[in-house]
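See below for the structure under consideration.
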Amino acid sequence: MNAQRRYLHALTGITVRELLRFVHQRERFLAALVRPLLWLVVFAAGFRAALGLSIIPPYQTYISYEVYIIPGLIGMIQLFNGMQSSLSMVYDQEMGSMRVLLTAPLPRWYLLLCKLLAGVLVSIMQIATFLIASRLAGIDFAYQGVILALPVMILSGIMLGSLGLLISSMVKQLENFAGVMNFIIFPLFFMSSALYPIWKMRESSDLLAQICELNPFTHAIEAIRFAFYGQFNGVSMSVLMVCTLVFFSAACWSYDPARRFRASKTASA
Amino acid sequence: MTIHPPTDTASTPALDIRALGFDYSSKQALNDVSLTLAHGELTILLGPNGAGKTTLFSLICGLFAPARGSISINGQSLLKRSDALAPLGIVFQAQTLDLDLSVQQNLLYFCALHGLPKATARSRIADALKRMDLHTRANDKVRTLNGGHRRRVEIIRSTLHEPSILLLDEPTVGLDIPTRAELVDYVRELPSSQGCAVLWATHLIDEIRDTDRVALLHAGKLHHDGIAKNLLEDNQLSDLPALMQYVSDGHKAQTVG
């Protein structure tokens with residue numbers, strides 16, 4: 001059998017497994033959908049009065065707060081999905097099923113990439129459902145830009161998934177995963193442009209605004225936001241691409257057998 | 001029949017381990033282990049808990065990278081090519097099935113990772129499940145299977161890609177006596193029925209026959225390697241427990257290789 005077919009079979013197999021696991025965990029799907037919808041319907045309803053949004057790129061007119069936070073909530077879906085994948089990797093390590101993946105006769109980087117792409121596919125399905133729900137809720141977003149935003153969302157999904165992979169290589173027990181929520185997900189989300197524009201953040205703190213500007217999650221959201229409106233945000237796309245490359249390389253490095261399991265004994269002899 | 005023949009001649013060992021060493025931080029887990037397996041040969045890797053059997057297996061299947069020495073599978077160095085793992089079938093000591101997927105889904109996932117086309121995979125899975133009397137459970141979630149059935153599924157999985165080397169890491173631990181006997185008989189047939197080399201790690205001495213080749217691992221070192229009966233005669237011992245005790249006491253320790 002030629003190599004391309006072997007690689008394709010592996011990608012298909014990993015994707016099917018990820019989809020099956022997703023289908024079997026209906027609560028996960030509901031949680032993934034309910035979380036951003038709650039923000040959209042409840043949080044945004046309260047904040048629309050408090051926040052006035054001036055015209056900032058890519059918008060050409062005043063927009064409602066609900067419209068503003070949709071790209072942020074798309075990022076939130078991807079962020080949580082990336083961390084969920086990370087959690088499932090830790091679970092797989094504890095349960096042992098990770099060994100089946102890591103002992104497949106394919107390069108380690110490719111197996112990890114397949115795992116990431118499968119996770120991205122799941123997140124895109126969640127995003128599609130979320131966008132349909134927000135449209136049904138009557139929010140006037142740039143839905144027609146979804147095709148242009150798709151490649152950007154795939155890239156941001158890979159970046160956040162790579163970050164999740166990297167974290168999963170460091171977290172050895174499921175019990176430690178709560179720390180990931182407190183120290184990674186919340187800071188990434190709240191110190192970004194997901195909920196408020198950076199100029200609004202600067203009104204209260206210059207330092208906070210600078211941190212937001214350095215946060216790669218901000219650039220993922222901005223790249224998605226601009227793409228939905230048919231515009232290309234060069235800075236955000238560059239940051240997104242560089243961070244994707246760095247996080248993925250670091251994840252591959254962390255799963256390299258030459259260094260993995262070296263520091264601590266994780267299998268009984 | 002195997003789909004992974006040796007690269008050059010039949011004399012190329014299925015598995016060739018040379019001067020292998022591995023450390024966990026500062027603790028030496030394996031030291032100077034050398035072992036060769038011929039095609040179609042069954043070898044028992046005997047050792048007490050903590051001897052280094054699982055570490056050795058983790059090195060052979062590429063989960064760990066050796067600190068010293070080399071591993072070749074069918075003449076291909078494991079360190080150089082990821083596809084050197086293709087001829088390897090593994091049953092890990094810990095359970096590695098996905099509990100939320102069905103038996104069939106677990107097996108199809110494994111076949112996909114090993115590049116088997118879906119039609120081939122389905123046909124092999126159906127045959128193997130029938131042979132192991134599990135065909136009625138194909139669509140059941142693994143979570144609903146008992147320990148013996150899960151082990152059978154793992155053994156089926158390890159042979160679906162027709163490996164030329166099969167590693168079994170204490171596959172019968174925790175199973176009842178009839179299930180153990182059944183699995184032992186099944187695995188013993190594999191070298192002749194599928195032509196694969198089998199390396200079977202165990203600390204259960206009653207699974208070993210006089211005519212078996214036994215490699216005795218203790219405290220990360222390979223102390224004896226030979227036919228069980230000959231090892232006992234050479235050391236003037238009555239049985240294998242006595243041999244294990246003999247080694248652990250450090251008498252006449254003789255490192256192979």
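Give segment A:93-103 a look and list any residue that's in contact with a helix residue (DSSP H, G or I) (Cβ under 8 Å, 6 or more places away or on another chain) and part of a helix (DSSP H, G or I), or say none.
A:93, A:94, A:98, A:100, A:101, A:102
Suppose we keep only residues that are within 9 Å of chain A (Cβ to nearest Cβ) and in contact with a Leu (Cβ under 7 Å, 6 or more places away or on another chain) within segment B:97-108. Which one would you say is nearest to residue A:91 (Cα to Cα)?
Only one residue fits best here, namely B:101.
Counting just the residues of segment B:24-37 that are assigned to a strand (DSSP E or B) and either at the interface with chain A (Cβ under 7 Å from one of its Cβ atoms) or not aliphatic (A, V, I, L, M) (or both), which one comes out farthest from the chain's Cα centre (by Cα)?
The qualifying residue farthest from the chain's Cα centre (by Cα) is B:27.
In segment A:224-239, which residues are assigned to a helix (DSSP H, G or I) and either aromatic (Phe, Trp, Tyr) or more than 17 Å from residue A:75 (Cβ to Cβ) (or both)?
Once the filter is applied, which keeps residues that are assigned to a helix (DSSP H, G or I) and either aromatic (Phe, Trp, Tyr) or more than 17 Å from residue A:75 (Cβ to Cβ) (or both), segment A:224-239 yields A:226, A:228, A:234, A:238.
Could you tell me which of the residues A:144, A:173 is over 22 Å from residue A:35 (Cα atoms), exposed (fewer than 13 other Cβ atoms within 10 Å of the Cβ), more than 14 Å from the chain's Cα centre (by Cα) and at pLDDT 85 or above?
Exactly one of A:144, A:173 is over 22 Å from residue A:35 (Cα atoms), exposed (fewer than 13 other Cβ atoms within 10 Å of the Cβ), more than 14 Å from the chain's Cα centre (by Cα) and at pLDDT 85 or above, namely A:144.
Can you find, within segment B:125-146, the residue that is nearest to residue B:84 (Cα to Cα) among those that are part of a helix (DSSP H, G or I) and within 14 Å of chain A (Cβ to nearest Cβ)?
B:125
Could we say that residue A:84 is under 30 Å from residue A:250 (Cβ atoms) and either of a type in the set (S, T, N, Q) or not in a helix (DSSP H, G or I) (or both) here?
Taking the combined requirement at face value, the residue satisfies it.
Results for (1) assigned to a helix (DSSP H, G or I); (2) on the phi < 0 side of the Ramachandran plot; (3) surrounded by fewer than 23 Cβ atoms within 10 Å (Cβ to Cβ), shown as yes or no for each residue.
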{"site": "A:22", "(1), (2), (3)": "yes, yes, yes"}
{"site": "A:40", "(1), (2), (3)": "yes, yes, yes"}
{"site": "A:68", "(1), (2), (3)": "yes, yes, no"}
{"site": "A:91", "(1), (2), (3)": "yes, yes, yes"}
{"site": "A:105", "(1), (2), (3)": "no, yes, yes"}
{"site": "A:116", "(1), (2), (3)": "yes, yes, no"}
{"site": "A:123", "(1), (2), (3)": "yes, yes, no"}
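If you go through segment A:189-210 one residue at a time, do you hit one that is surrounded by fewer than 18 Cβ atoms within 10 Å (Cβ to Cβ), touching a residue at least 24 places away in the same chain (Cβ under 8 Å) and under 30 Å from residue A:109 (Cα atoms)?
No, segment A:189-210 contains no residue that is surrounded by fewer than 18 Cβ atoms within 10 Å (Cβ to Cβ), touching a residue at least 24 places away in the same chain (Cβ under 8 Å) and under 30 Å from residue A:109 (Cα atoms).
Here's a check for you: in segment A:200-220, which residue that is among the hydrophobic types (A, V, I, L, M, F, W, C) and under 24 Å from the mean Cα position of the chain (by Cα) is nearest to residue A:156 (Cα to Cα)?
Here the answer is A:220.
Can residue B:88 be described as more than 7 Å from chain A (Cβ to nearest Cβ), more than 30 Å from residue A:3 (Cα to Cα), in contact with a Leu (Cβ under 9 Å, 6 or more places away or on another chain) and modelled with pLDDT of 90 or more?
For residue B:88, the condition - more than 7 Å from chain A (Cβ to nearest Cβ), more than 30 Å from residue A:3 (Cα to Cα), in contact with a Leu (Cβ under 9 Å, 6 or more places away or on another chain) and modelled with pLDDT of 90 or more - is not met.
Just to confirm my filter: which strands (runs of 3 or more DSSP E) fall fully inside segment B:153-232 and include at least 2 residues that are closer than 24 Å to residue B:86 by Cβ?
Here the list reads B:165-169, B:197-202.
For residue B:40, only one of the following conditions fails: (1) in contact with a strand residue (DSSP E or B) (Cβ under 6 Å, 6 or more places away or on another chain); (2) on the phi > 0 side of the Ramachandran plot; (3) not in a strand (DSSP E or B). What is its number?
Unmet condition: (1).
The values are calculated or read from the model by the stated rules, or taken from the named source; none is laboratory data. Note that the coordinates shown come from a computational prediction; the quantities given were computed from them, not determined experimentally. When we count neighbours, we look across all protein chains shown, and the Cβ atoms used for this are built from the backbone with ideal geometry, even at glycine.
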